[in-house]
Amino acid sequence: MHPESSNPSKECQEMFALLSQYLDEELPPETCEQIRSHISGCAPCVEFVNSLKRSIELVRNIEREEQPAPLPAAIREELKAAYKKMLSVRRGAPAGC
Amino acid sequence: MVSASLEVELARDLLAGKEEAFDRFVETFRTKIFQYSYLMCGHREDAEEVSQETLLRVFESFGQLREPERVKSWVFRIARNACLMKRRKSVFAPAQELSLEQFLPRADHEGGEIRLQIADWSALPDTQVLRGELRQVLNQAIAELPEIYRSVMLLRDVEELTTDETAEVLEVSTEVVKTRLHRARLAVRQKLDDYLRPAPREEAPAARK
């Protein structure tokens with residue numbers, strides 16, 4: 001990011017909008033190359049991209065300690081009954097449906 | 001973690017009437033739906049209800065699943081709709097747009113060098129599992145995202161759905177998914193960055209005794 005004043009340059013701002021797609025490898029090869037080449041020569045961009053990458057990693061590895069309570073037997077029966085009903089409707093349906 | 005192909009296999013088995021797949025399907029999807037709903041709704045009791053309601057709806061309409069390959073996005077679409085039915089004002093505030101500009105970092109010139117006004121991320125512990133306060137900050141950052149951004153981030157980065165699958169769940173274009181995901185990530189990065197910055201040196205008035 002090459003700021004004229006205290007704000008990032010126009011080029012940096014354009015890259016900024018595409019950083020997630022860049023990290024997710026969802027950009028066309030030429031755009032991807034353009035960003036890679038810009039970033040490689042721009043220390044502030046490297047710093048920012050690294051912090052964004054780290055932040056995404058933290059979200060991806062978020063520890064989900066919350067577990068649902070054991071499924072009550074009555075609810076399991078209700079779900080099973082709904083499944084069986086669906087199957088019987090399906091089996092009874094005319095061919096092709 | 002259950003691979004996508006196993007989920008598809010379970011869906012195929014259920015459609016084929018193989019009842020032995022039932023328990024495995026419930027076990028696999030119930031925890032996923034619960035955890036997704038918990039992060040979406042912010043309330044344990046809502047998440048419990050959403051996971052039960054979703055599974056009931058799933059089994060009632062399983063015959064409508066034309067493509068078992070899409071079982072994951074199909075189930076999450078039902079779960080998301082169930083979450084929206086539980087709307088609570090605090091977590092489903094009116095849609096608020098996040099702009100890109102608000103997350104652009106500012107920079108300073110320091111001795112001829114450009115320095116971004118961001119925290120030192122290298123200070124973060126190099127572990128995959130977050131502990132204590134930092135984990136709370138992260139959960140809070142996700143919970144505070146406006147719903148349209150939170151749902152994209154949970155599906156793409158937490159549940160690891162593809163961009164196409166996420167677009168299917170949310171019934172929006174893939175471009176919208178990409179735009180919202182980027183803004184959600186920038187917002188969370190910003191919150192973590194604020195947390196990682198050293199506290200101002202000035203003592204709080206209450207501390208001066």
Exercise. Over region B:101-196, what is the mean sequence separation of C-alpha contacts under 8 Å (at least six apart), divided by residue count, expressed as relative contact order in percent?
Worked result: 32 percent
Problem set entry | Per-residue mean of C-beta atoms belonging to partner chains within 10 Å, peptide B:55-67 | 4
Seminar exercise, completed: Expressed as a percent, the portion of alpha-carbon pairs in region A:10-60 spaced more than 17 Å apart is 29 percent
Exercise. How many percent of all Cα-Cα pairs in region B:101-196 sit more than 23 Å apart?
Worked result: 37 percent
Exercise. For peptide B:99-105, how many partner chain Cβ atoms fall within 10 Å of a residue's Cβ, on average?
Worked result: 4
Exercise. Short version: ³J(HN,Hα) in whole Hz for each residue of region B:33-45, in order, from phi by Karplus 6.51 cos²θ - 1.76 cosθ + 1.60 (θ = phi - 60°), x for Gly and Pro, what are they?
Worked result: 5, 4, 5, 5, 5, 5, 6, 6, 8, x, 10, 4, 5
Exercise. If amide H atoms are built 1.01 Å from N in the plane of the peptide, which residues on other chains or at least 5 residues away come under 5 Å of the amide H of residue B:161?
Worked result: B:156
Exercise. What is the average number of partner chain Cβ atoms found within 10 Å of a Cβ in A:35-44?
Worked result: 1
Problem set entry | Spatially proximal lysines relative to residue B:178 (Cα-Cα < 29 Å; intrachain offsets below 8 disregarded) | A:10, A:53, B:32, B:72, B:86, B:89, B:191
Seminar exercise, completed: Taking a ≥ b ≥ c as the square roots of the Cα gyration tensor eigenvalues, with a/c under 1.5 meaning rounded and otherwise prolate when a/b beats b/c or oblate if not, region A:13-97 comes out oblate
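Bear in mind that the values in this text are calculations on the coordinates, not laboratory data. Owing to the predicted nature of the structure, the values given are computational and were not obtained by experimental measurement. Cβ sites come from the backbone with ideal geometry, for glycine too, and all protein chains shown count toward neighbours.
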